[in-house]
1. How long, wide and thick is the chain, going by the Cα atoms along their three principal axes, in whole angstroms, largest first?
2. Excluding same-chain residues fewer than 8 positions from Lys308, which aspartates and glutamates have a Cα within less than 14 Å of its Cα?
3. For a quick check of your reading of the filter: which GluC sites (Glu not before Pro) in the range 99-141 sit in a DSSP loop and have no more than 13 other Cβ atoms within 10 Å?
4. Under the Kirkwood approximation for Rh and a Cα-based Rg, what ratio Rg/Rh is obtained for the range 25-104?
5. As a test of the formula, what do you get for the chain when each DSSP H run with n ≥ 4 contributes -39,500 (n - 2.57) and the sum is divided by the residue count, at 222 nm and rounded to the nearest 500 deg cm²/dmol?
6. Using only alpha carbons, build the gyration tensor for the range 172-258 and give me the equivalent ellipsoid semi-axes, biggest first, whole Å.
7. Can you say what percent of the DSSP beta bridges in the chain, counting only those with both residues inside, are antiparallel? Round to 5.
8. Would you mind pulling out the separation of the Cα centroids of the range 58-114 and the range 239-304, in Å?
Amino acid sequence: MARILVTGGLGFIGSHTVVELVNAGYEPVIVDDLSNSNIKILDQLARIIGYKPDFYQLDLCDEPGVKKLAESEPDIAGIIHFAAFKAVGESVHFPLKYYRNNFYSLLNVLNVYHEQPVNFVFSSSCTVYGQPDHLPVTEEAPVKTAESPYGNTKQVAEEILKDMVAAGSNYKVISLRYFNPVGAHSSALIGELPIGVPQNLVPFITQTAIGKREKITVFGNDYNTPDGSCIRDYIHVVDLAKAHVAALKLMETANFTGYDVFNIGTGKGSSVLEVIYAFEQTTGVKLNYKIGPRRGGDIEQIWGDVNKSKNILKWQTELDLDTMMLSAWEWENYISQNPL
Ligand SMILES: NC(=O)c1ccc[n+]([C@@H]2O[C@H](COP(=O)([O-])OP(=O)(O)OC[C@H]3O[C@@H](n4cnc5c(N)ncnc54)[C@H](O)[C@@H]3O)[C@@H](O)[C@H]2O)c1
């Protein structure tokens, strides 16, 4: 069984990907420093997949530590690199914290496995497009000047990976540009675990619905969109997790060489107000929300052209917005009754 190193594998997207790797017959090896995750997710994963996956608690910025990891785990066929800090707003205030963590962790991992053929999947983001000139945005759209240090780490990391492959590396690399991952596993045993006030819409919705927050503010209803609120391409985290399996499978074929990049979304945009209504309709829970002023740094609208993913990655989403809302709600209920 091919062993796949999953950095940041106890986080939101990483934990769901561990499950899909096992479903697809891979053997995940998780590395996480628990800076934004909980060790009990390992037990939750065991309840879903039937055994406790191999786990190393390690800060990937620790170069000697990463060397030791590679000595203990020499037979790695693939790496899925999730480990990074991801709070856009925080990155504006603490840029060095973001550049340090997101680059050192990437470079250390790349350095220790570069002498063997490894298929590498990188967690990139649709933030690289900024506000695109054309929608849906394709992978050929220009990368815009990053709006935050966090966004910049994704752009520069893509450049690093491209340069490394162009120089004749043993790595094959796929960067997946995620749109907006939401929802949770159908077991409700894993999901998004925001520390402090959620930065994203859906955990804010579920926390408000359950009474942890008083109300939701919709940031602006005067955008140039049908209902005036911002539009995003929300994708179910389980569909997103499966895209990583598809990326590994593609790199295992002889005709894939080098580096490529794929949009990972549904190809459909939903407004903030549509998401709120979808939540209310699927769960039957009324939300307390109000319209507030626009929030600095928000782009107006984005959704992805996903034809390249469909045609080349042979992957597409299966789960709709209602399923995203219902699964996020079930997870919120679970975690409120069974705090980790
Ligand atoms: N969630 C999103 O909306 C989104 C969108 C686009 C891209 N991404 C990217 O996807 C990846 C995963 O995101 P997520 O939402 O699952 O985030 P997350 O914070 O839930 O998961 C990241 C995991 O990495 C770990 N980690 C961070 N720095 C580490 C280090 N130096 N060493 C070891 N472990 C470390 C954290 O403890 C956490 O478990 C990130 O790279 C993120 O930038 C996320």
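Readers should treat all values here as calculations from the given coordinates under stated rules, not as data from a laboratory. Because the structure is predicted, anything quoted here is derived from the model rather than measured. Backbone-built Cβ (ideal geometry, glycine too); neighbour counts: all protein chains shown.
1. For the chain, the Cα spread along each principal axis is 55, 45, 39 Å.
2. Hits, sequence-local ones excluded: Glu139, Glu140, Asp260.
3. Taking the range 99-141 and a limit of 13 other Cβ atoms within 10 Å, the loop GluC sites (Glu not before Pro) found are Glu115, Glu140.
4. 1.01
5. Counting only the DSSP helices, I get -12000 deg cm²/dmol.
6. Largest first, the range 172-258 gives 33, 19, 10 Å.
7. 5 percent
8. If you average the Cα positions of each part, the centres end up 25 Å apart.
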